[in-house]
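Below: one structure, written as structure tokens.
The values are calculated or read from the model by the stated rules, or taken from the named source; none is laboratory data. Given the structure is predicted, the values throughout are model-derived calculations rather than measurements. Heads up, the Cβs are rebuilt from the backbone with ideal geometry, glycines too, and the neighbour counts pull from every protein chain shown.
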Amino acid sequence: MRIVPTVAAMQKLARRWKRAGGKIGFVPTMGYLHDGHLSLVREARKRVGKSGVVVVSIYVNPTQFAPTEDLSKYPRDLQRDLKMCRGEGVDVVFTPGDAEIYPGKAEGKYSTYVVEENLGRVMEGAARPVHFRGVTTVVAKLFNIVLPDVSVFGQKDFQQAAIIQRMTRDLNFPVQIIVAPTRREADGLAMSSRNKYLDAEQRAQAVILFHALQAAKTAVAKKFVSAAKLKQDLREFLTAAPLARLDYVEFFDPETLQPVAQVKRGTHMALAVFFGKTRLIDNSQL
Ligand code: PAF
């Protein structure tokens, strides 16, 4: 497994593979890998086959964090991540620093961003105003550096995946985007690097996000329910976890991400819940 820290070396390698006709499968991450990431790596391998190469990037992207969000406290463990990548047969881990990805930024001379102007306005975009601009910018850059044929994203970040798909189409990136299912812990909690921030009591109660999705599924299995009523019911449902503070719950069309007034089987639901300072998200089709 190669560890490549610079843009120039990564681009050179990627071009060489392209010339040799090899397919490149790519999984962008911010590190602190868990089984959810590894399932994306396996999906990438499946798509490119043994003759293809799988690249994982590990880069905690500062532009997708607001100044109020604690970028410096984001969990990191590169040695552990590299070991996990080796175990999965990853070919290359791209580990750039900030000066590689945002040249000139430290001197105030970086000024180009990629903005998706529609799907990013609601839910996570409304709650975290600079977040998706940072995500689309870094993913566009990574596509230009890694030159993937296929890139795999997790369904846990459903809105992110929808925005990346839209950006890829709108900007004509020759990349196939795959969205892989959410991996869950035994009790149903969606795997996330942020779960590490939870103390034992918060962790025990965090499964309420999954249970809320299940409860909504049951509520709409046989009938239409108004979104307002279901939101109210879920607010009450969440009081079973006293440490949980609901940020939002939304019911929306999975294509447009626009909220719907009537919820039925097949409608998509997403929610964000705080446990102390830790904000967890989850989503599902109902
Ligand atoms: O989902 C993530 O971990 C990040 O948003 C991504 C796609 C790696 C961009 O920094």
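Values computed for the structure shown
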item: Near pairs, Cβ below 6 angstrom, 6+ apart or cross-chain, from region 100-122 (within 23 Å of Ile58 (Cα to Cα)) to any residue that is loosely packed, with under 13 Cβ neighbours inside 10 Å and modelled with pLDDT of 95 or more; result: Tyr110/Gly104
item: Tally, over region 219-244, of residues that are basic (Lys, Arg), more than 28 Å from Tyr197 (Cα to Cα) and not in a loop (DSSP other than H, G, I, E, B); result: 1
item: Residue list for region 125-163, filter: over 21 Å from Gly52 (Cα atoms), of a type in the set (D, E, K, R) and more than 9 Å from the ligand (Cβ to nearest atom); result: Arg128, Arg133, Lys141
item: Close pairs from region 202-221: first under 21 Å from Lys277 (Cβ atoms), partner among the acidic types (Asp, Glu) and not in a helix (DSSP H, G or I), Cβ under 6 Å, at least 6 apart; result: Val207/Asp187; Leu209/Asp282
item: Residue that is nearest to the ligand (Cβ to nearest atom), among those in region 166-194 that are in a helix (DSSP H, G or I) and surrounded by fewer than 18 Cβ atoms within 10 Å (Cβ to Cβ); result: Arg194
item: Cβ-Cβ under 6 Å pairs, at least 6 apart or on other chains, region 55-77 side closer than 18 Å to Val41 by Cα, far side acidic (Asp, Glu) and surrounded by 14 or more Cβ atoms within 10 Å (Cβ to Cβ); result: Ile58/Asp81
item: Subset of region 236-264 [touching a Leu at 6+ places or on another chain (Cβ under 6 Å) and farther than 18 Å from Ala161 by Cα]; result: Leu238, Ala244, Leu246, Val249, Val263
item: Residue in region 149-165 that is surrounded by the fewest Cβ atoms within 10 Å (Cβ to Cβ), counting only those that are hydrophobic (A, V, I, L, M, F, W, C) and touching a strand residue (DSSP E or B) at 6+ places or on another chain (Cβ under 8 Å); result: Ala161
item: Candidate set from region 91-120 (those that are surrounded by fewer than 14 Cβ atoms within 10 Å (Cβ to Cβ) and assigned to a helix (DSSP H, G or I)); member that is modelled with the lowest pLDDT; result: Ala106
